[in-house]
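Read the structure below first, then the notes.
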Amino acid sequence: MNDYLAKRDFPAELKTMTPKELEVLAFEIRDFLVESVSKTGGHLASNLGVVEISIALHRVFDTPKDKLIWDVGHQSYVHKILTGRVGEFEGLRTMGGMSGFPKRKESEYDVFDTGHSSTSVGLGLGLAVARDQKGEDYHVVSVIGDGALTGGPAFEALNNAGHMNTDLIVILNDNGMSISPNTGGLSRHLGSIRTSAGYSAVKNQVKKGVSRVPVIGEDIVSGIHNAKDRIKYAMIDGIIFEELGFTYIGPVDGHDIREMCRVLERAKSVEGPVLIHALTRKGKGYTLAEENPESFHGIGPFDPDTGAPKKKSAGASWSDVAGNKLLQIAEKREEVDVVCAAMIEGTGLNDLEERFPDRVFDTGIAEGHAVTFAAGLAGAGRKPFVFIYSTFLQRAYDQILEDVCLQDLPVVFCLDRAGVVGADGETHHGIFDMTWLRTMPGMCLLAPADGNQLEEMMDYAAECDGPVAIRYPRGEAGIIEGLGAFVPGKSQTLREGTDVCLWGVGSMTTVALEAAGILEEKGISATVVDMATVSPMDRDLLHRHAGSHKLMATIEDNILSGGVGEAIAAEVAGEDIDIIRFGWPDRFIEHGSREDLCEKYGLTPAAVAERIMKDIEGKA
């Protein structure tokens, strides 16, 4: 642990530190972040970019009375350091350790449990309105990145805040980069602001000078709106925010602590909503992260001298398999397009984007729009593949239902990071998708057991004339020996037994096979089925096995409520068979390694086998 940081009384001590001491503090924080995250893994580049902003916020504002809300929240490490948690970084993102995101149960300084994008302005506005209704006195500050600002909820909140004219401070942390390079009109607009002259200064000087003219000065000020508008649109600065009703301040250097403090003090005295446009550099202070911020956005343990990961994957990841396969499909089929929501690299699409730049569309952090856009492509005869993490596709539920399924359009959804993803925790686990996707009329829901099956499913999806969703987990894809060819709408029996029938769903088929091996050693004969097609269900095979076994177990990387096990139990309700359902409990699953979480919640092969043995022994 860093002794310099550990011995400080933060945030109180920030109020009395000299400018020079604050600069030293920024250096120490960056040094600590690189050292700490290199051991545990985590979000590095984004946190290195908000060091000065975080220091200035806790120096100027009286936290936790004043409320700070971090959009997404992966950039809250500095905030945690400055609120007494430096000693907890050794357990960052491990089970039982400190979360990599704000958590209300963790500290009174964490106002909301954030994890998804574009929500901080709306949350801040709600807090500010409640404050006014209750007659309380505190400041509310929402920090949002330029990538998150492209999301629809952020615009809706900005529009609402400007209309309500409530005191609210929004800091736009503009580093020109979300996880992938930012795209879209707003990103280009912010880019122009970064290089433009300051409109605010011109506006204030004109207003101040004219108002001093005797007798008619104030009338002139009130009557020069047209001239002011011409100045605004000529200078470009902050137009969109001022038209929404915000007082715009900026651009300012987000790495200049003194300037940030001065601007924040100014913002505190302004009535109504204020937006501070701070320019920062992702990965600031660590050359490797500055040069390659995408790689250091979310990273595992690494060598701080070289940036090389300490643990190298032995095989291709699910994301790589999907991206490489789609590249092969796109080379053969001109009508194939790709839609992604700011996750080109994370979903394995880099090579495909380089090969077909005119057929890969990054909508920015706008999942709902991405799906509707894909529906439009499909409606005009194209074949769109939509790549979005499972947890983020939840934001597009209505669009999938109304714009794709209702129209029966051939859109393919590739749900990366399905199931428990590990250290990012509650907001990032993709454990709900099978529950809501399998209920959508017309949706074909697939879950590959290995990398080869994923490729076969993508070939099928490319030919399918209706909506298809393929969900696959994070990590290494692997290969299952003896797994036969994928047949749409069918499940396949991988081994025959007599005592219990195990239905593995997707990657959990491996768990089923290993559990069956353990059971065999104990004298229990187990059938194993790979349920490759979740919906529509292979009812014929299901009833055949239900008629020849007294016990059936389902194993899925999804919550139990509304999951595959529940669907199977409902289907065989009239059969003389008992059902054991393995899956995640109906609660939000904490952060921790996948191995630790599976151990805790009984989803390892050994735990599955043990529970089945107890059930069989109990009936003997």
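Structure values in brief
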read-out: Dimensionless Rg over Rh [the chain; C-alpha; Kirkwood]; value: 1.03
read-out: In Hz, Karplus ³J(HN,Hα) per residue of the stretch 113-120 (6.51, -1.76, 1.60; θ = phi - 60°; x = Gly, Pro); value: 7, 9, x, 9, 7, 6, 10, 5
read-out: Unsatisfied cross-links (Cα-Cα over 32 Å) in the set Lys105/Lys614; Lys103/Lys282; Lys39/Lys522; Lys134/Lys282; Lys7/Lys284; value: Lys105/Lys614; Lys39/Lys522; Lys134/Lys282
read-out: Residue-span extension gain [Ser593 to Asp31] - 0.36 nm each, minus C-alpha spacing; value: 199.8 nm
read-out: Cα→Cβ-extended label distance, 7 Å offset, between Trp436 and Ser548, nm; value: 3.9
read-out: For the stretch 584-599, 3J(HN,Hα) per residue [Karplus equation, 6.51 cos²θ - 1.76 cosθ + 1.60, θ = phi - 60°, Hz, x = Gly/Pro]; value: 7, x, 6, 7, 7, 8, 5, 7, x, 5, 4, 4, 5, 5, 5, 5
read-out: Net charge over other residues, Cβ less than 12 angstrom from the Cβ of Leu327 (K, R count +1; D, E count -1); value: -1
read-out: 19 Å reach of a label modelled at Lys15, 7 Å along Cα-to-Cβ, counting backbone N of the stretch 40-65; value: 54-65
read-out: Amide H within-cut-off set for His429, under 5 Å, with H built and near neighbours excluded; value: Val421
read-out: Local electrostatic count, Asp62, Cβ distance below 11 Å [Lys/Arg +1, Asp/Glu -1]; value: +3
read-out: Rg ratio (alpha-carbon, reference 2.2 N^0.38 Å) - the stretch 353-457; value: 1.08
read-out: Test item: Cα-centred dipole of the stretch 90-166, Lys/Arg +1 and Asp/Glu -1 on Cβ, debye; value: 160
read-out: Rounded to 5, the percent of DSSP beta bridges in the chain classed as antiparallel; value: 15
read-out: Leading residue at positive end of dipole, the chain (Cβ point charges), from Val564, Leu158, Gly346; value: Leu158
read-out: 3J(HN,Hα) from dihedral phi, the stretch 25-30, Karplus parametrisation 6.51/-1.76/1.60, rounded to Hz, x for glycine, proline; value: 4, 4, 5, 5, 5, 5
read-out: Charge dipole (debye, nearest 20) of the chain; +1 at Cβ of Lys and Arg, -1 at Cβ of Asp and Glu; value: 1680
read-out: Rg [Å, one decimal], Dmax [Å, integer] - the stretch 536-620, C-alpha atoms; value: 14.0, 40
read-out: Point-to-point label distance, Asp62-Arg104, nm (Cα→Cβ direction, 7 Å offset); value: 2.3
read-out: Pair Glu476, Lys522: separation of 7 Å Cα→Cβ label points (nm); value: 2.7
read-out: Residues in the stretch 32-63 reached by a label modelled at Glu290 [backbone nitrogen below 17 Å; 7 Å Cα→Cβ]; value: 32-35, 44-53
read-out: Dipole moment magnitude, nearest 20 debye, the stretch 318-471 about Cα centre, only Lys, Arg, Asp, Glu C-beta charged; value: 220
read-out: Segment Thr306-Leu406, length gained on full extension (0.36 nm per residue, minus Cα span); value: 30.9 nm
read-out: GluC sites (Glu not before Pro) within the stretch 43-111: DSSP coil, no more than 11 neighbouring Cβ in 10 Å; value: Glu108
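Only the coordinates and a few stated rules stand behind these numbers; no lab work does. Just so you know, these numbers come straight off a predicted model, no measurement behind them. When we count neighbours, we look across all protein chains shown, and the Cβ atoms used for this are built from the backbone with ideal geometry, even at glycine.
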